[in-house]
Amino acid sequence: MKKRLVAAIFGIAALAAFAGTCTVVNVSLQSLSGGNETFAGELANSSGVNILEHQFKVSFLDSNGVVVDTQTKDGCLRSLQDGTSDFFAATSSQSASTTNVGLARLANFAEDTNFKIGTVDSSDISVTVTGVSRSTTTLTVTFTVHNNSSTRLNSPVACIVVRDSSNHVLTVLKVTGLPDLTTTTYTSPPQTITVPDNTSLVDHVDVYVDGLSDSSGNPVRPQSDTGNSVTVGTPTATATGTAVPTNTPTGAQMTATAQAGPTQTSVAATAVVATQTAGAGATQTAIVSGTQTATP
């Protein structure tokens, strides 16, 4: 089997408006359908501030450490609030034989002119996953969203996160076009996602929802229904959302080694070494060089 190199770096560097960190965790680099590889994960915000508009920088490197593909991706949710995570997935334009390393971070001010830090509101949203089934490489997810508040929820967005049995993020799907919600319930049509035909890899699904408060226009606190096991069976219908997965991270270096199969690295706020088991008893070590923090 092919030896796999997988790494993740986070990026709050150059966001000099605040002191804090964001950490990329639960990453994976996999071919979802036998083709090009997808690098996916989540960015956990422990910076002490609420990040509103944001984008991810994702890069793929070959075995020599040369960048072969760079992409910029919008956040799966409307905001990346303090104490929460947002999610990303990017599929390389290069063949799986070329891509050995995945890098990801938060875009900085210079790279994302719409980047914004600001105020958020509380929310009273109920999210319920009503079905998760997989037929070979097609995963079908249905869910409902109910706004329990008298304040209308405008332009809600749903983020479907597919995880393996070790909680690594396999891929994500951003579902837009949901109606504004007063004290009403939205029932989603079936959302379909391409996944591997593998029970261990496609283990469970989380669904997160946020939106904008009608009274203030601020993003609201995301709510979720997590840990929904995947049932192997035939979906009854199909529909599509807007896929989320997209440029070159700079300012840090990393090396990692791992065997083929699901892989994951958790990178701490400053220069650290993280080691964990990956694949069939192999050990993955990620060495991050450079501090990704900022001060006022």
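Here are the numbers:
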read-out: Output for the stretch 84-113, where each listed residue is under 15 Å from the mean Cα position of the chain (by Cα), in a loop (DSSP other than H, G, I, E, B) and either under 21 Å from ARG163 (Cα atoms) or of a type in the set (Asp, Glu) (or both); value: THR84
read-out: Residue, surrounded by the most Cβ atoms within 10 Å (Cβ to Cβ), within the stretch 145-192, restricted to residues that are closer than 20 Å to ARG221 by Cα and of a type in the set (Lys, Arg); value: LYS174
read-out: Qualifying residue in the stretch 126-144 (condition: loosely packed, with under 15 Cβ neighbours inside 10 Å, assigned to a strand (DSSP E or B) and out of contact with any Ser or Thr (no Cβ under 6 Å at 6 or more places or on another chain)); value: yes
read-out: Looking only at the stretch 89-111, and only at residues there that are touching a Lys or Arg at 6+ places or on another chain (Cβ under 8 Å) and either basic (Lys, Arg) or over 21 Å from SER31 (Cα atoms) (or both), the one that is surrounded by the fewest Cβ atoms within 10 Å (Cβ to Cβ); value: GLU111
read-out: Cross-chain or 6+ apart pairs with Cβ under 8 Å, the stretch 218-242 first and more than 13 Å from VAL141 (Cβ to Cβ) and at pLDDT 80 or above, then charged (D, E, K, R) and part of a loop (DSSP other than H, G, I, E, B); value: PRO219/ARG78
read-out: Test: residue in the stretch 134-156 that is under 17 Å from the mean Cα position of the chain (by Cα) and either closer than 16 Å to SER79 by Cβ or among the basic types (Lys, Arg) (or both); value: no
read-out: Evaluation of SER79 against (1) touching a Phe, Trp or Tyr at 6+ places or on another chain (Cβ under 8 Å); (2) among the small types (Gly, Ala, Ser); (3) surrounded by 18 or more Cβ atoms within 10 Å (Cβ to Cβ) (one fails), failing number; value: (1)
read-out: The stretch 173-216, residues that are among the hydrophobic types (A, V, I, L, M, F, W, C), more than 15 Å from LEU139 (Cβ to Cβ) and in a strand (DSSP E or B); value: LEU181, VAL209, LEU212
read-out: All positions within the stretch 60-81 that are of a type in the set (A, V, I, L, M, F, W, C) and in contact with a strand residue (DSSP E or B) (Cβ under 8 Å, 6 or more places away or on another chain); value: PHE60, LEU61, VAL67, VAL68, CYS76, LEU77, LEU80
read-out: Residues of the stretch 35-70 that turn out to be of a type in the set (D, E, K, R) and touching a Gly at 6+ places or on another chain (Cβ under 7 Å), as a count; value: 1
read-out: Scope the stretch 166-209; condition at pLDDT below 95 and closer than 22 Å to LEU43 by Cβ; matching residues; value: LEU201
read-out: Search result, residues across the stretch 68-78 that are over 18 Å from ALA110 (Cβ atoms) and either modelled with pLDDT of 95 or more or assigned to a strand (DSSP E or B) (or both); value: VAL68, ASP69, CYS76, LEU77
read-out: Conditions (1) in contact with a Lys or Arg (Cβ under 7 Å, 6 or more places away or on another chain); (2) under 17 Å from GLN223 (Cα atoms); (3) not in a loop (DSSP other than H, G, I, E, B): number failed by SER123; value: (3)
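The values are calculated or read from the model by the stated rules, or taken from the named source; none is laboratory data. Since we're looking at a predicted model, the values are computed, not measured. All Cβ positions, even for glycine, are placed from backbone atoms using ideal geometry, and neighbour counts span all protein chains on display.
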